[in-house]
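Undergrad: Here it is, the structure in full.
Please treat every number below as a calculation from the coordinates, not as lab data. Source: prediction; values computed, not measured. Because the Cβ atoms are built from the backbone with ideal geometry, glycine has one as well, and the counts that use them run over all protein chains shown.
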Amino acid sequence: MHTKKQLLNLRVVDRVELNHQHVVLTCTSDEVLPPVLPGQFAEISAGDTGRTYLRRPFSVHDYHKEANTLSFLIRIIGNGTALIASTRPGDSLSVIMPLGNSFSMPRKGERVLLTGGGSGVAPLLLLAKAIEEQGGIPDILVGARDRENLIGDAVFAHIGNLYTTTEDGSVGTKGLVIDHPIMQQLENRYSRIYTCGPDPMMKAVAALAEAHHTPCEVSLENTMACGIGACLCCVTETLEGNQCVCTEGPIFNSKRLKWQH
């Protein structure tokens, strides 16, 4: 059962700049943070500057119940995300969370594969940790353009079996996530696959999963202005009709998505 969404005033307690385009913000609250499930997200305000009044959606990257902290992986792509990424320890953020549905958890003993491209690794860390906590050891495939943009590999390596790709070959297998040898060995290997990243990557991963009769869950990253299903800008086509990613997702079984057919 999902926790009811709340409007929270979070305080930034740590800021880690991964590279020129990616920042991890760790936040806390004077109140007990609501429980967060792997795959859920938050809508964060960039402040009303006249150009950035809409909130931006970010997957919850990490969550520590005991420490009462959670983290967001911020990719800087415009004025709003730049403002959010520029916050420092001590600054406040207005956040609505937790939003959306969550990844389904594998049963004990299931072998699963997590695939992430670029900042698409954001929701996969919390999922990987949840699988580890129930005794599982996930296979994790992470890809990026180059070494500088490969995110989370050091952390993932301590949780599961890590595989990497970079387009320039600076780390791991040269090429895209879909080019890694593990993606050509899916037959009867995994009980399910989880993926998040650029649409072409997710579509390719989902197509391979379907070809090998392996269930696949995707985390969509559609543009969202409200996060509650009111603005309709995040609508995606499914076999059941158009659905809001923010309320019906962001996690979908890939077979439900029309781009798979």
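Undergrad: Rounded to whole Å and sorted largest first, list the principal axis extents of the Cα atoms in the range 116-241.
TA: 42, 34, 30
Undergrad: Roughly what angle does helix 199-211 make with the longest principal axis of the chain, taking Cα atoms, 0 to 90 degrees, to the nearest 10?
TA: Between helix and principal axis, roughly 40 degrees.
Undergrad: While we're here: How many angstrom lie between the Cα centre of the range 180-203 and the Cα centre of the range 71-123?
TA: 20 Å
Undergrad: Taking a spot 7 Å from the Cα of N188 along the direction of its beta carbon, which residues of the range 201-239 have an amide N less than 16 Å from it?
TA: Residues 212-214 qualify, since their backbone N sits under 16 Å from the label point.
Undergrad: Excluding residues on the same chain fewer than 8 positions from K5, give the aspartates and glutamates whose Cα lies under 13 Å from its Cα.
TA: E43
Undergrad: In the set (1) 12.2; (2) 17.4; (3) 13.5, which value of mean projected area of the Cα convex hull in nm² was calculated from the structure you see?
TA: Matching the structure shown: (3).
Undergrad: Between the range 243-258 and the range 18-62, how many Å separate their Cα centres?
TA: Rounded to whole Å, the Cα centres lie 21 Å apart.
Undergrad: Nothing charged except the Cβ atoms of Lys and Arg (+1) and of Asp and Glu (-1): what's the magnitude of the dipole of the chain about its Cα centre? Round to the nearest 20 debye.
TA: 300 debye
Undergrad: Treating the angle as unsigned and between 0 and 90°, give the value, to the nearest 10°, between the Cα long axis of helix 124-133 and the longest Cα principal axis of the chain.
TA: The angle comes out at about 70 degrees.
Undergrad: What FRET efficiency, computed as 1/(1 + (r/R0)^6) with R0 = 41 Å and r the Cβ-Cβ distance, is obtained for E66 and N19, rounded to the nearest 0.05?
TA: 0.90
Undergrad: Could I ask something else about it? Only counting other Cβ atoms within 10 Å, I'd like L124, L18 sorted with the fewest neighbours first. Mind dumping the intermediate values first?
TA: Working: L124 29, L18 17.
Result, fewest neighbours first: L18, L124.
Undergrad: Are any of the pairs K4/K108; K129/K203; K108/K129 more than 19 Å apart by Cα-Cα distance, and if so, which?
TA: K4/K108; K129/K203
Undergrad: With springs only between Cα atoms under 10 Å apart, run a GNM on the chain and tell me which of G241, G169, G100 wobbles the most.
TA: Ranking G241, G169, G100 by mean-square fluctuation puts G241 first.
Undergrad: Now for a different question. Once you order the gyration tensor axes a ≥ b ≥ c over the Cα atoms, which shape class does the range 1-120 get: rounded for a/c under 1.5, otherwise prolate or oblate by comparing a/b with b/c?
TA: The shape class here is prolate.
Undergrad: Same structure again: Taking a virtual spin label 7 Å from the Cα of D179 along the C-beta vector, which residues in the range 140-164 bring their backbone nitrogen under 18 Å of it?
TA: 141-151, 163-164
Undergrad: Something else now. How high is the relative contact order of the range 158-247? Use alpha-carbon pairs under 8 Å, at least six apart in sequence, and give a whole percent.
TA: Relative contact order here is 17 percent.
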